[in-house]
1. Within segment 263-272, restricting attention to residues that are in a loop (DSSP other than H, G, I, E, B) and in contact with a helix residue (DSSP H, G or I) (Cβ under 8 Å, 6 or more places away or on another chain), which residue is farthest from residue 309 (Cα to Cα)?
2. Could you please find all residues in segment 103-120 being among the polar types (S, T, N, Q) and surrounded by 21 or more Cβ atoms within 10 Å (Cβ to Cβ)?
3. Would you mind finding the one in 331, 299 that is open to solvent by 10 Å² or more (accessible area, probe 1.4 Å) and either out of contact with any strand residue (DSSP E or B) (no Cβ under 7 Å at 6 or more places or on another chain) or of a type outside the set (S, T, N, Q) (or both)?
4. Starting from residues that are among the β-branched types (Val, Ile, Thr) and more than 22 Å from residue 271 (Cα to Cα), keep the ones in segment 185-207 and report whichever is least open to solvent (accessible area, probe 1.4 Å).
5. For segment 302-323, what are the residues that are exposed (fewer than 15 other Cβ atoms within 10 Å of the Cβ) and among the polar types (S, T, N, Q)?
6. Hey, among the residues in segment 74-90 that are part of a loop (DSSP other than H, G, I, E, B) and at pLDDT below 85, which one's surrounded by the most Cβ atoms within 10 Å (Cβ to Cβ)?
7. I want to confirm something. Restricting to segment 1-14 and keeping residues that are open to solvent by 50 Å² or more (accessible area, probe 1.4 Å), within 37 Å of the chain's Cα centre (by Cα) and of a type outside the set (Phe, Trp, Tyr), which single residue is farthest from residue 382 (Cα to Cα)?
8. Taking residue 131, is it among the hydrophobic types (A, V, I, L, M, F, W, C), part of a helix (DSSP H, G or I) and either in contact with a strand residue (DSSP E or B) (Cβ under 8 Å, 6 or more places away or on another chain) or open to solvent by 80 Å² or more (accessible area, probe 1.4 Å) (or both)?
Amino acid sequence: MEPEIRFKGFEGEWEKVKLGNVCSVNRGTRITKKELNTNQSYPVYQNTNYPLGYYKNYNVEANNPYVIIGGSAGLIGFSNVPFWAADDCAYFGDNDSLDKTFLYSTLLFHIAEIKRNVRGSSVPRLDRSTLIDLETNLPSFSEQQFIATYFRTLDNKIQSTSKKLASLKKLKSASLVAMFPQQGETTPKVRFKGFEGEWKTPSIGYVFELRNGYTPSKIVKEFWEGGTIPWFRMEDIRMNGGFLKDALQHITPWAVKGAGLFEKNSIILATTATIGVHAMLIADSLANQRFTNFKVRKSLSDEYIDEFIYYSFFKIDEWSKNNTNSGGLLSVNMPLLVKQSFLTPCKEEQQAIATFFRSLDRKIALKTARLEKLKQIKLACLDKMFV
């Protein structure tokens, strides 16, 4: 068999082999918590692609792939440093005719087949024999090296982009702490040049009108069939982030109660079940009963920048998570929430803060899209460059 895409200069069919015939498939060694030592430099992999801890010795050379065979069975990892494989890992021995990076990519190509052989629901397990008997196709060693080099370059780009994305997210988290006053304070630690003085402290209940979301009856077809009005659930935020223009589900005008729709540029905050997640509505819409809608009172609308409100709500998210009612369905302590201060600088400072975070979010979105594109390229290449 030959792959669909191939580097120039290579031809002929790849050789079908069983993995156990071209490299050793070794079971890791049991290790106790007492044997772990965080002062040593050799990571221990067990049930995860992240080190469980560190061990004083190691039994695998550098640059080796491994597969989790217990617990989180089917995960495939690759270590660039010497490591210790615990007893629920399998690792692969040396072979002069098999490039290790190529082997790692081969395992990723076969990942669906590997996971199909995971057995057990409460305690998943993957038999080492599955890896030994795994049939795969191998090209010449020189072609393996070409393919391995390509995937190393691609993986380096993915890793680099991941690190840059993580740095941007870390910067955003740190900035949300530093650029908004902390509990009990009225000035932020970090401020744009030219702004000074304390922020105003109106209560949330003073600034916003609050309304609860709801679910129109599912048995009334007129409420749902042919609907064009976005009706938001937590799934919409998970899929589309914090600025919501359209929803996965829609309702008709017949489903809207007397108070009308949640207005464009208002905020929805999850106040029951999944606590402390919010989004800004970019269209007139509704949301289910897990959400509370926050709309700036008309008498105060000229005093606020919409996007500043959105970024301010990250503080309200955290407060909500830490102030819930006990018993029954988890929910935010709403009577206490409305009494909390909604710290407010002048509009010019609001705009500066909103512009900064919006720019940061755009960078995060671009890096996220770049990372997703690279991962898609890798998946496509695994599909077309292996047989």
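The values are calculated or read from the model by the stated rules, or taken from the named source; none is laboratory data. A quick note: this is a predicted structure, and the numbers were derived from the prediction, not measured. No Cβ is skipped: glycine too gets one built from the backbone with ideal geometry, and neighbour counts run over all protein chains shown. Note: accessible area is taken over every heavy atom of the protein model, side chains too, but ligands, DNA and RNA are not part of it. Shrake-Rupley method; radii C 1.70, N 1.55, O 1.52, S 1.80 Å.
1. Here is the first cut: in segment 263-272, the residues in a loop (DSSP other than H, G, I, E, B) are 263-266, 271.
From what is left, the residues that are in contact with a helix residue (DSSP H, G or I) (Cβ under 8 Å, 6 or more places away or on another chain) are 265, 271.
Details: 265: 9, 271: 17 Å.
Applying the filter and picking the extreme gives 271.
2. Filtering segment 103-120 down to residues among the polar types (S, T, N, Q) leaves 105-106, 117.
Of everything in segment 103-120, those that are among the polar types (S, T, N, Q) and surrounded by 21 or more Cβ atoms within 10 Å (Cβ to Cβ) turn out to be 105, 106.
3. Values: 331 fails: either out of contact with any strand residue (DSSP E or B) (no Cβ under 7 Å at 6 or more places or on another chain) or of a type outside the set (S, T, N, Q) (or both).
After applying the criteria, what remains is 299.
4. Of segment 185-207, the ones among the β-branched types (Val, Ile, Thr) are 186-187, 190, 201, 204, 207.
Checking which are more than 22 Å from residue 271 (Cα to Cα) leaves us with 186-187, 190, 201.
Working: 186: 37, 187: 54, 190: 73, 201: 74 Å².
Per the stated criteria, the residue is 186.
5. 322 - this is the single residue of segment 302-323 that is exposed (fewer than 15 other Cβ atoms within 10 Å of the Cβ) and among the polar types (S, T, N, Q).
6. Within segment 74-90, the subset part of a loop (DSSP other than H, G, I, E, B) is 74-75, 80-82, 86-88.
Checking the rest, the ones that are also at pLDDT below 85 come to 80-82, 86-88.
On the way: 80: 8, 81: 12, 82: 16, 86: 22, 87: 13, 88: 19.
Only one residue fits best here, namely 86.
7. Start the filter on segment 1-14 by keeping residues that are open to solvent by 50 Å² or more (accessible area, probe 1.4 Å), which leaves 1-2, 4-9, 11, 13.
Still in the running and within 37 Å of the chain's Cα centre (by Cα): 2, 4-7.
Filter once more, so that each one left must be of a type outside the set (Phe, Trp, Tyr): 2, 4-6.
Numbers: 2: 13, 4: 10, 5: 10, 6: 12 Å.
Here the residue is 2.
8. Working: among the hydrophobic types (A, V, I, L, M, F, W, C): yes; part of a helix (DSSP H, G or I): yes; either in contact with a strand residue (DSSP E or B) (Cβ under 8 Å, 6 or more places away or on another chain) or open to solvent by 80 Å² or more (accessible area, probe 1.4 Å) (or both): yes.
Considered against the rule, which asks whether it is among the hydrophobic types (A, V, I, L, M, F, W, C), part of a helix (DSSP H, G or I) and either in contact with a strand residue (DSSP E or B) (Cβ under 8 Å, 6 or more places away or on another chain) or open to solvent by 80 Å² or more (accessible area, probe 1.4 Å) (or both), residue 131 comes out as yes.
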